[in-house]
Amino acid sequence: MSLILLVEDDHFVRDMLTQVLTRAGYEVVCAVDGAEATELLMTIHPDLMLTDLIMPKKSGITLISEVKNKHPDMEIIAISGGGRLDPAGYLDLSESFGAAVSFQKPVDRSALLMAIDLLLHSKKSVISE
């Protein structure tokens, strides 16, 4: 079973995504912001991180940059509803820092699960070769 680190400050979105991911067969560990995610990453080794971008304490952009420096092989998906900028601006920025895929909120559940499956499947294919 693949482990996903879900980083989301909005508890409604976090709960909904946790349900979607667990129903799809993934093990999910949650963090409420980038700072908590950084602490968790000292003890867990997820296969994929799904992170919001606009959060207190440490933004998703900062988190993505740090994670890619320490764990370059970790797959990352970014989600955002926007902030001062249009969500597309934040999502483009997240991809330039290392997110493989990005989604605007509200997230299309089917598209998210398809992206996760593709990222994790391609990672396993590379490892087994």
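The values are calculated or read from the model by the stated rules, or taken from the named source; none is laboratory data. For clarity, every value in this text was computed on a predicted model and none was experimentally measured. Counting neighbours? That spans all protein chains shown, and the Cβs are built from the backbone with ideal geometry, glycine included. Please note that ligands, DNA and RNA were not included when accessible areas were found on the heavy atoms of the full protein model with its side chains. Shrake-Rupley method; radii C 1.70, N 1.55, O 1.52, S 1.80 Å.
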Do we find a residue being modelled with pLDDT under 95, open to solvent by less than 50 Å² (accessible area, probe 1.4 Å) and in a strand (DSSP E or B) anywhere in region 65-82? yes
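Just to be sure before I move on: is SER59 among the polar types (S, T, N, Q), at pLDDT below 95 and open to solvent by 10 Å² or more (accessible area, probe 1.4 Å) in the structure I sent? Even if it seems obvious, please write down each step before you answer.
Numbers: among the polar types (S, T, N, Q): yes; at pLDDT below 95: yes; open to solvent by 10 Å² or more (accessible area, probe 1.4 Å): yes.
Considered against the rule, which asks whether it is among the polar types (S, T, N, Q), at pLDDT below 95 and open to solvent by 10 Å² or more (accessible area, probe 1.4 Å), SER59 comes out as yes.
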Name the residues in region 1-57 that are outside any strand (DSSP E or B), of a type in the set (Gly, Ala, Ser) and touching a Leu at 6+ places or on another chain (Cβ under 8 Å), would you? SER2, ALA24, GLY34, ALA37
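Considering only residues that are open to solvent by less than 50 Å² (accessible area, probe 1.4 Å) and out of contact with any helix residue (DSSP H, G or I) (no Cβ under 8 Å at 6 or more places or on another chain), look in region 1-15 and name the one that is nearest to GLU75 (Cα to Cα). Before you say what the answer is, go through the steps one by one.
Here is the first cut: in region 1-15, the residues open to solvent by less than 50 Å² (accessible area, probe 1.4 Å) are 2-8, 13-14.
Right, trim to out of contact with any helix residue (DSSP H, G or I) (no Cβ under 8 Å at 6 or more places or on another chain) and you get 3, 13-14.
Working: LEU3: 11, VAL13: 21, ARG14: 19 Å.
Restricting to residues being open to solvent by less than 50 Å² (accessible area, probe 1.4 Å) and out of contact with any helix residue (DSSP H, G or I) (no Cβ under 8 Å at 6 or more places or on another chain), the top hit is LEU3.
Take GLY34 and tell me if it is at pLDDT 90 or above, at positive phi and crowded, with 16+ Cβ neighbours inside 10 Å.
no
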